[in-house]
Amino acid sequence: MLVVMRMDAREEDIRGAVEKIESHGLKAHPIPGAQRTAIGITGNIGIVEPVLFESLPGVLEVIQVSHPYKLVSREFKAEATVVDVSGVKIGGRDLAIIAGPCSVESYDQTLRIARAIKEAGAHLLRGGAYKPRTSPYSFQGLGREGLEILARVREETGLPVVTEALDIDVLDLVAEYADMVQIGARNMQNYTLLKRAGRCGKPVLLKRGMNATVTELLLAAEYILDQGNNQVVLCERGIRTFADHTRNTLDVAAIPAVHRISHLPIIADPSHAAGKRHKVVALSRSSVAVGADGLMVEVHDAPEEALSDGYQALSPGEFSDLMVEVRNLAPVVDRDVPSYVGT
Ligand code: PEP
Ligand code: MN
């Protein structure tokens, strides 16, 4: 951290700032410049709050030089983390494709869709048993029955399962059934839930909050790693902006931004960003092009009857076409789309 003094700061202001810094057990390093003095701070173990020094006499601004996150940063671990979801790798050279319905609606519906996405080449099955819905009158998910359906469909198809834990009451149950536990956008800053996810023993898919910065996303992941779970995949799913031509604005720039700062993999969810199926393929292409480690795409075989997010679901045929495009695009960005041999 750097405390930048004003041009007209007096000697006693600089001395006062140095003493204040030292009074917190930190080291102050005054760096006199041609126009002004800056004071470097070292010796901190945790985060130093800029507010401690901002209002001292003669101080112009306090600049954060080091980052608030540690375990998720490339400074801490230079090589990319590869997350293993029951044999499916996310974060290496291989692209991981997660697909399935927004909600688990019945055994037959989930099995039909799972078979179709597997046939098209998807690696993991998604489907919500606990749904975060804007209206309390909308379908809330099948709960435990939904988890049991996912487990049966996994048995049938061999596809590992990603499903959301909506709160701490259900997290352990979800972790028991799921191969990967999803923390949804609305819960990205639910710190109690993040800590529990850090102790659940399963890989975690952490979706970016719709109003969260990249720093906030990384700090949310830091909570999970801090509990000893480094099997975390981030997900860019669109953020709220003034744009009204999509449900959310897919912030593709967040993907290279995360890769630069963090060793954690990041995938894109073009479905919740687009909100309409006709934009999903284009956003998928752009996500792969900027370096996403995978995609999560909603697929439904009767989208007009879907109990949630039907407008943005691809049909199995459209998903199959998307997979062809992803396979064609992958080598251009030096990636592979693996085929797993399953049941
Ligand atoms: C979902 O994946 O079904 C979902 C609810 O996503 P998000 O949390 O990104 O809105
Ligand atoms: Mn959805």
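The values are calculated or read from the model by the stated rules, or taken from the named source; none is laboratory data. Keep in mind the model is a prediction, meaning the values are calculated, not measured. In this analysis, Cβ positions are derived from the backbone assuming ideal geometry, glycine residues included, and neighbour counts consider all displayed protein chains. These area figures cover heavy atoms from the full protein model, side chains too; ligands, DNA and RNA do not enter into them. Shrake-Rupley method; radii C 1.70, N 1.55, O 1.52, S 1.80 Å.
Below, the figures for the structure above:
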| item | result |
| --- | --- |
| Matching residues, segment 127-158, being in contact (Cβ under 8 Å) with a residue 60 or more places away in the chain and open to solvent by less than 10 Å² (accessible area, probe 1.4 Å) | GLY128, THR157 |
| Strands (runs of 3 or more DSSP E) within segment 22-115 that include 3 or more residues open to solvent by 80 Å² or more (accessible area, probe 1.4 Å) and modelled with pLDDT under 95 | 27-32 |
| Filter result (in a loop (DSSP other than H, G, I, E, B), in contact (Cβ under 8 Å) with a residue 12 or more places away in the chain and within 14 Å of ALA274 (Cα to Cα)) within segment 226-247 | ARG237, GLY238, ARG240, THR246, ARG247 |
| Meets criteria (on the phi > 0 side of the Ramachandran plot, open to solvent by 50 Å² or more (accessible area, probe 1.4 Å) and not aromatic (Phe, Trp, Tyr)) for ASP309 | no |
| Selected residue [among the small types (Gly, Ala, Ser) and closer than 30 Å to GLU216 by Cβ] from ALA330, ALA257, ALA306 | ALA257 |
| Residues of segment 192-213 satisfying the condition of being within 16 Å of ligand 1 (Cβ to nearest atom) and buried (at least 20 other Cβ atoms within 10 Å of the Cβ) | LEU193, LEU194, ALA197, PRO203, VAL204, LEU205, LEU206, LYS207, ARG208, GLY209 |
| Tally, over segment 283-325, of residues that are touching a residue at least 40 places away in the same chain (Cβ under 8 Å), closer than 17 Å to ASP108 by Cα, touching a Ser or Thr at 6+ places or on another chain (Cβ under 7 Å) and assigned to a helix (DSSP H, G or I) | 0 |
| Condition broken by TYR223, with the remaining ones in (1) open to solvent by 10 Å² or more (accessible area, probe 1.4 Å); (2) of a type outside the set (A, V, I, L, M, F, W, C); (3) part of a loop (DSSP other than H, G, I, E, B) satisfied | (3) |
| Failed item in (1) open to solvent by less than 60 Å² (accessible area, probe 1.4 Å); (2) farther than 12 Å from TYR69 by Cβ, with LEU217 passing the rest | (2) |
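Residue-by-condition table, conditions (1) in contact with a helix residue (DSSP H, G or I) (Cβ under 6 Å, 6 or more places away or on another chain); (2) assigned by TED's automatic domain parsing to the domain that holds LEU206; (3) buried (at least 19 other Cβ atoms within 10 Å of the Cβ):
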site	(1), (2), (3)
ASN248	yes, yes, yes
ILE255	no, yes, yes
ARG260	no, yes, no
VAL280	yes, yes, yes
LEU283	yes, yes, yes
SER286	no, yes, no
ASP293	no, yes, yes
PRO303	yes, yes, yes
ALA313	yes, yes, yes
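For every residue, the table says whether it meets (1) hydrophobic (A, V, I, L, M, F, W, C); (2) within 31 Å of the chain's Cα centre (by Cα); (3) within 16 Å of ASP226 (Cα to Cα).
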site	(1), (2), (3)
ILE31	yes, no, no
ARG36	no, no, no
ILE41	yes, no, no
VAL48	yes, yes, no
GLU54	no, no, no
GLU61	no, no, no
SER66	no, yes, no
LEU71	yes, yes, yes
